[in-house]
Amino acid sequence: MSESLLYLQEVTKSFGGLKAVNKVSLKIPEKSIIGLIGPNGSGKTTLFNLISGVLYPDSGQIFFRGLRIDRMPPHERFKLGLCYAFQIPRIFRGMTVLENTMVSLKKQLGEQFLIAPFRRKWINQEVKNAERVLSVLEDAQLVNLYDKLSSELSGGQIKLLQLVRTITSEPKLFLLDEPGAGVAPSLAKEIFRKISRLRDEEDLTFFIIEHRLDLLFDIVDKVYVMNRGEIIAEGRPEEIIENSKVKEAYLGG
C-alpha cells in the first residue's frame, strides 16, 4: 500500500443533539481494500455520505488525491474518481443492463448539447463504448443479460450491475455500502472475489462497509471500527477480532 488516496481529519457531523460522526480521522492508502465495520447506528453510512458529498460535515477536513473536497458537490468528486455504490442499489429500472452500464461513461459526445442532434458525430464512439462495456459485463458474467431490463434482475445481479456500472466510470476510489447485503451466499462470494481482482488487476482502491465479516475479512488489508460516531479501533482483521473494545461494542461487554 502506498500513499493516502483519501484522508479525513477530525470530521464531525451532528443531527440535532446527536453526533452521528464525531472527530473521525482516517487514511485510505492507494490500491488498498479497507473495511469499515461497527454496530447498526454507529455512523458508518453517515461517514460515507460525508465522503461522497451527499452530506457536508459540520467541521473537519476531507482530502482526496491531495485536494480538499469537503465542500465540493458530489458530481465534482465523481469527476475526480470518487464513486459511491449505495447499500440499496440505485439503477435505472426502465433501461437495459447495457444501457445502465453505459450511463456512467465519461466524456460521451452524444451527451453534448450541440453534438447530440448529429448522429454521425457520435455513433462511432457509441459503438466503441458498447463494445467496451460488453467486455466488462462478460467478465462479471452479466453479458447474457445485456438486453434485459434491469428490473428483471435478481438482487445479487443488481448489486453486480451497480459494481460494473461504477467500474466503467474509471474510479480511483470506490465506496461500497454493504455489497453483500441481501445477496445469496454464492453470489456474494463472487462479488467479493471480483472486488479483490479489481484491486489487483486495475489498481482500484476500495473502502467497504460490510456486516458479513467472513466475506470482508478475507480480502481487506485493514479494518476501521466505528461505534457511537467514533473510530474505536483499527488494524488487521486478526487484530480486530481480538480487540476488547470491539468485543464490547458488538456484545455489550
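Here are some notes:
- Candidates 96, 101, 46, filtered to the one that is modelled with pLDDT of 80 or more, among the hydroxyl-bearing types (Ser, Thr, Tyr) and more than 25 Å from residue 5 (Cβ to Cβ): 96
- Helices (runs of 4 or more DSSP H) wholly inside segment 155-241 that include at least 1 residues being free of Cβ contacts under 8 Å to residues at least 24 places away in the same chain: 185-202, 213-216, 237-241
- Among residues of segment 119-138 that are free of Cβ contacts under 8 Å to residues at least 40 places away in the same chain, those with a beta-carbon under 9 Å from a residue that is assigned to a helix (DSSP H, G or I) and polar (S, T, N, Q) at least six positions away or on a different chain give the pairs 133/101; 134/101; 136/101; 138/144.
- Any chance residue 38 is at pLDDT below 95 and open to solvent by 50 Å² or more (accessible area, probe 1.4 Å): no
- Scanning segment 70-102 for residues that are hydroxyl-bearing (Ser, Thr, Tyr) and either outside any strand (DSSP E or B) or within 18 Å of the chain's Cα centre (by Cα) (or both) yields 84, 101.
- Count - residues of segment 41-62 that are open to solvent by 40 Å² or more (accessible area, probe 1.4 Å) and within 18 Å of residue 224 (Cα to Cα): 2
The values are calculated or read from the model by the stated rules, or taken from the named source; none is laboratory data. Here the structure is a predicted model, which means the values were calculated and not measured. FYI the Cβ positions are ideal-geometry reconstructions off the backbone, even for glycines, and counts take in every protein chain you see. For the accessible areas, the whole protein counts, side chains as well, though only heavy atoms, and no ligand, DNA or RNA atoms are used. Shrake-Rupley method; radii C 1.70, N 1.55, O 1.52, S 1.80 Å.
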